[in-house]
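Notes follow once the structure below has been shown.
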Amino acid sequence: MSDDLESRIQAAIANPSNVGELADADAVGTVGSPDCGDMLRMWVKFKEENGRKVIDKATFQTFGCQTAIAVASMATDLIRGKTAAEALAMSGEELSAPLGPLPPMKIHCAQLVEGALKDALNPQPASAPAPAAGPTLFDQLTAPKTVKITLQP
Ligand code: FES
């Protein structure tokens, strides 16, 4: 990674924006990266503004790398004031634009943020349950796992 990119990432994660759950969110999206196993959850809250339903606030939690934290921090600021359709149209590259071009091995970090945003904003089927207030991403990742062992004769 270039020194410039590294310093921009360090600056972004030194004081990241919009970290944590958003208790009264209208939408929640969670995605895991098949490339590295990291996870990111995003909460989105809307408001009415000049007859448009726009994003009032978005927050995130992640078990991801520094790049994912930096992109999520910037993306949650970038999508403020956009409609769901406008935010959905943004690519990982656009969401990470304030950092500058990412090296190939870090592109999936921005795609993790894009995926969580799309998961939150894509319409759910009418029969789908409303987003639950819990458990948190941390709860899910730290919950005891049940392992079934079958002994062969
Ligand atoms: Fe996994 Fe960046 S290395 S999100």
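Nothing in this text is a laboratory measurement; each read-out follows from the coordinates by a stated rule. This structure is a prediction, so every number in the text was calculated from the model and none was measured. Ideal geometry is used to build each Cβ from the backbone, glycine not excepted, and the neighbour counts take in all protein chains shown.
Below are the figures for this structure:
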quantity	calculated
Nearest-20 debye value, region 1-127 charge dipole, Cβ charges on Lys, Arg, Asp, Glu	260 debye
Entries in K47/K118; K45/K118; K53/K106; K57/K118; K82/K118 that, when Cα-Cα distance is taken, lie over 24 Å	K53/K106
Two-site label geometry, Q66 and A23: point separation in nm, points 7 Å out along Cα→Cβ	3.4 nm
Separation in nanometres of the label points that stand 7 Å from Cα toward Cβ, at N15 and R80	1.4 nm
Contact order relative to length of region 1-133, as percent, for alpha carbon pairs under 8 angstrom and 6 or more apart	28 percent
